[in-house]
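Before any comments, here is the structure.
The values are calculated or read from the model by the stated rules, or taken from the named source; none is laboratory data. None of these values were measured; they are calculated from a predicted model. Backbone-built Cβ (ideal geometry, glycine too); neighbour counts: all protein chains shown. With ligands, DNA and RNA removed, areas are computed over all heavy atoms of the protein, side chains included. Shrake-Rupley method; radii C 1.70, N 1.55, O 1.52, S 1.80 Å.
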Amino acid sequence: MVVLIVDGYNMIGAWEELQKLKDSDIGQARDRLIELMAEYQAFSGHRVIIVFDAYYVRGIASKMKAYNVEIIFTKEKETADECIEKLVKQIKDIRTQVYVATSDYAEQRTIFASGALRKSARELSMEIKNIKKEIDTTIKDHHKQKVHTKLTLDEETLRKFEKWRRGKL
């Protein structure tokens, strides 16, 4: 099993699209990150956990699920790094590969020392863009196939269908 743990506000700060949203409305930036990670989860099949620390949402210690993505808001005064460290310890075993998406390598050295693998903000962004391209290509190919697929029937079968359509069969 593959698990991707995302440092939510770290990704928002690292991705230009989300940074612009954050400047006007942090809630919109969070929602957009959740949508992007939901698309990633749906395509990859990986378990995805997004951790938001209590820096922007004070006093909240909660977990929820949206679009098959687990979302954790840490307790007040608990950093996302501390929460991610606990999660890695809980999740990591011989059969589970844990990735942590962050642009903050120095803060999370302990996490990586415990066996988690790093996925930089840039790597994750590129992976999501590639997934979107792949989905778009698949959809376009599917539509092309539908347009080019032509069903040809022999004259006798067509006559029978026409009789059936008219209710005379």
_Just to be sure I understand, if you calculate Rg and Dmax of the Cα atoms in Å for this structure, which of (1) 15.8, 51; (2) 23.6, 79; (3) 19.8, 68 do you get?_
(2)
*Taking the chain as the reference, fit the longest principal axis to its C-alpha atoms, fit the long axis of helix 121-148 to the helix C-alpha atoms, and give the angle between the two in degrees, 0 to 90, nearest 10.*
10
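Roughly how many percent of the accessible protein surface of the chain is carbon and sulfur, given a 1.4 Å probe and a whole-percent answer?
Numbers: 5680 of 11070 Å².
Answer for the chain is 51 percent, counting heavy atoms of protein chains only.
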*To the nearest 10 degrees, how steeply does helix 155-166 sit against the main Cα axis of the chain, on a 0 to 90 scale?*
80
_Interchain or long-range residues, amide H under 5 Å from residue 4's placed H_ = 47, 48, 49, 99
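Quick one: which of 20/77; 22/129; 65/86; 92/119; 63/133; 22/75 span more than 23 angstrom between C-alpha atoms?
Values: 20/77 26 Å; 22/129 20 Å; 65/86 19 Å; 92/119 16 Å; 63/133 31 Å; 22/75 21 Å.
Pairs exceeding 23 Å: 20/77; 63/133.
With every protein chain left in place, what is the accessible area per residue of the chain in square angstrom, probe 1.4 Å? Walk me through the numbers before you get to the answer.
Values: 11070 Å² over 169 residues.
Per residue, the chain has an accessible area of 65 Å².
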_Total charge dipole magnitude, the chain, about the Cα centre, Cβ charges on Lys, Arg, Asp, Glu only, Debye to nearest 20_ = 1000
*Step through the residues of the range 3-15 one at a time and calculate ³J(HN,Hα) from phi using the Karplus curve (6.51 cos²θ - 1.76 cosθ + 1.60, θ = phi - 60°), rounding each to whole Hz and writing x for Gly and Pro.*
10, 10, 9, 10, 7, x, 5, 5, 5, 4, x, 8, 9
*Report the one residue of 80, 51, 97 whose Cα lies farthest in the direction of the positive end of the charge dipole of the chain (charges on C-beta: Lys and Arg +1, Asp and Glu -1; origin at the Cα centre).*
97
*Theoretical gain in end-to-end length, residue 110 to residue 123 [0.36 nm per residue, Cα-Cα removed]*: 2.6 nm
*asked:* Can you give me the solvent accessible area of residue 134 with a 1.4 Å probe, rounded to the nearest 10 Å²?
replied: 100
